[in-house]
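Below: the structure, in structure tokens.
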Amino acid sequence: MDRTIDKLEEIFRLQEAFDTELARRRGLEFGFEEWIQRETLAILSELGELLDEVNFKWWKDPKPIDRARVTEELVDILHFFVSACIKAGLDADTLYRAYTGKNRENFRRQDGQSDRPGYRAPD
């Protein structure tokens, strides 16, 4: 039987299960503000690790890029991002709707159809 799953909802489900278990096992109890701060700091840390994988240090000899490591860092960023979404009360559907709305607005801005100046891209 071929069961189609909503991949974004599944990511949210898996992350929420992990977060719940992690908090239980480690006795983690933080308020909303501290959780968002911690998730943001974790994302920043993972972004730094991603940068290290793609030779951003112009003062060092470049190394071959390991795409598996790049993927690993991107997944780590996604873990913390989804965890922050959950802590902020967003589910997959709410995130999807917010994303698609912002995406439409970004296109409008590039087309010069927004009331916010300075975004119009040349044709």
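Can you spot a residue in the stretch 31-38 that is farther than 30 Å from R120 by Cβ, in contact (Cβ under 8 Å) with a residue 24 or more places away in the chain and of a type outside the set (A, V, I, L, M)?
yes
Would you pick out the residues in the stretch 33-51 that are loosely packed, with under 13 Cβ neighbours inside 10 Å and either among the acidic types (D, E) or under 12 Å from A84 (Cβ atoms) (or both)?
E33, E34, L41, L44 - these are the residues of the stretch 33-51 that are loosely packed, with under 13 Cβ neighbours inside 10 Å and either among the acidic types (D, E) or under 12 Å from A84 (Cβ atoms) (or both).
Among D66, D91, which is the only one that is under 22 Å from K7 (Cα atoms) and touching a residue at least 12 places away in the same chain (Cβ under 8 Å)?
Checking each option against the conditions leaves just D91.
Whether any residue in the stretch 86-96 is at pLDDT 95 or above, more than 13 Å from the chain's Cα centre (by Cα), exposed (fewer than 15 other Cβ atoms within 10 Å of the Cβ) and at positive phi is what I want to check.
yes
Looking only at the stretch 1-21, how many residues end up being in contact (Cβ under 8 Å) with a residue 24 or more places away in the chain and β-branched (V, I, T)?
Within the stretch 1-21, residues that are in contact (Cβ under 8 Å) with a residue 24 or more places away in the chain and β-branched (V, I, T) number 1.
The values are calculated or read from the model by the stated rules, or taken from the named source; none is laboratory data. Quick caveat: nothing in here was measured; it's all calculated off a predicted structure. When we count neighbours, we look across all protein chains shown, and the Cβ atoms used for this are built from the backbone with ideal geometry, even at glycine.
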